[in-house]
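I have placed the structure first, in the form of structure tokens, so that the comments after it can refer back to it.
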Amino acid sequence: MHIPFCRTRCVYCDFFLVTRQDLQERFFRALYEETVARLTAFRGRTVQSVHFGGGTPSFVCAGYLKQWLETVAHFISLSDDAEITVEANPEDLTPKKFRDLAALGVNRLSIGVQSFLPGKLGTLGRCHTAEDAVRVTREAMKRFGNVSVDLMCGAEGETAEEWLSDLQCALSIGVPHISIYMLALEKKTLLAQRVKKGLVTLPGEEKQAEMYTIACELLGEQGFEHYEVSNFSKPGFFSRYNLGCWHRESYLGFGPSAHSFCKTGEQERRSANVSSMMRYLASPLEAQAFSEMLSEEARINEQVFLSMRLSSGLGLDFLQRHHKDTGEILETVEKFRAQGLLDVRNGIVKVSQKGFLFADLVAEELMLMKKVSG
Ligand code: SF4
């Protein structure tokens, strides 16, 4: 569920969201309407995970989330061990909010910490302090145990030592899941404008790659599995929701700009809602921006693209089966293996630690170019 509200917009963020809090009530009414209309077709089904993403789901009243879960329960059931995740920002995690979320059945928190350092939080334009970040992450560990923190590297003036200290702080609190993001300069953000005007200089790609490598090495030493480009987990704490998306399992997205992927028999359909709050509020049942049935080529390419972001990789036989020119694809795999970007073992092709940095590039060369076999 996409909850597109934030207190303010962080300087680097280009997500679809609004900062007009007066729209919350209307938004949730529209969301319930959309949910009822779309879930009718799924009556009786069981789901494995619920993910409240955003935006900032922790920013809105937990009662709204409760009502949505109650609405959903009229149509579908949650599996007994369903993962229910809420993305939260440190400034929202008051003792009351912790209690409210736990009462809803939330069993996993994903906290947008980004940094435990005051200066870095300032340059990122975050609303919380370093003390908030440490305090609520500790508290979340006590109350939920299943906690993920997002950390961002590559902020203005950030050094490798500072990045290391962020990682060590998360480790010292004992979180079992960490998501690492390299600050990307998105067009139309305040940060992009500042960089363009020469007011801000960001660390270059090499520096970012160095920081990413530091994270991979340190977290690996500490028993984290690097299971996706940006995600590291202790055993048993993988994000079920994210893994489901990456493994191309069906999911339904609700709210403006939310995406869905549905498999029905042999057919696979991707769809997305409009990225417009006003259009969504005016007519949540007509808010679809697109809906397309995937061709065989698109399905194969998605499988390749997503698998190259995962430590589980892809069977070599899959590539051989779907490329007409088997010799050519084996040559491409061998080229990346020789460059240290791919590992090939027991018939599985997967990106190496170095390869994670180039996962998209590797995937592009392994994807089909209108060469689907019959
Ligand atoms: S809190 Fe998250 S979603 Fe909201 S503006 Fe900041 S980065 Fe974007």
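Values computed for the structure shown
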read-out: Answer from Glu296, Glu249 - the residue that is more than 20 Å from Thr85 (Cα to Cα) and out of contact with any Pro (no Cβ under 6 Å at 6 or more places or on another chain); value: Glu296
read-out: Matching entry among Arg99, Arg138 (being within 17 Å of Val175 (Cα to Cα), modelled with pLDDT of 95 or more and away from the ligand (no atom under 16 Å from the Cβ)); value: Arg138
read-out: Count - residues of the range 225-267 that are surrounded by 17 or more Cβ atoms within 10 Å (Cβ to Cβ) and among the β-branched types (Val, Ile, Thr); value: 1
read-out: Test result for Glu302, exposed (fewer than 15 other Cβ atoms within 10 Å of the Cβ), of a type outside the set (A, V, I, L, M, F, W, C) and not in a loop (DSSP other than H, G, I, E, B); value: no
read-out: Residue within the range 196-218 that is outside the structural domain of Gly313 (by TED's automatic domain parsing), without any contact (Cβ under 8 Å) to a residue 40 or more places away in the chain and open to solvent by less than 40 Å² (accessible area, probe 1.4 Å) present; value: no
read-out: Top-ranked residue of the range 11-61 - restricted to ones that are within 16 Å of the ligand (Cβ to nearest atom) and farther than 30 Å from Gln193 by Cα, ranked as most open to solvent (accessible area, probe 1.4 Å); value: His51
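Listed here are the residues, each with its yes/no results for (1) in contact with a strand residue (DSSP E or B) (Cβ under 6 Å, 6 or more places away or on another chain); (2) in a loop (DSSP other than H, G, I, E, B); (3) open to solvent by 20 Å² or more (accessible area, probe 1.4 Å); (4) β-branched (Val, Ile, Thr).
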{"site": "Gly223", "(1), (2), (3), (4)": "no, yes, yes, no"}
{"site": "Arg269", "(1), (2), (3), (4)": "yes, no, yes, no"}
{"site": "Met278", "(1), (2), (3), (4)": "no, no, yes, no"}
{"site": "Ser291", "(1), (2), (3), (4)": "yes, no, yes, no"}
{"site": "Phe318", "(1), (2), (3), (4)": "no, no, yes, no"}
{"site": "Arg321", "(1), (2), (3), (4)": "no, no, yes, no"}
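The values are calculated or read from the model by the stated rules, or taken from the named source; none is laboratory data. All of these numbers come straight from a predicted model, not from anything done at the bench. FYI the Cβ positions are ideal-geometry reconstructions off the backbone, even for glycines, and counts take in every protein chain you see. All accessible areas refer to the heavy atoms of the entire protein, side chains included, with ligands and DNA or RNA removed. Shrake-Rupley method; radii C 1.70, N 1.55, O 1.52, S 1.80 Å.
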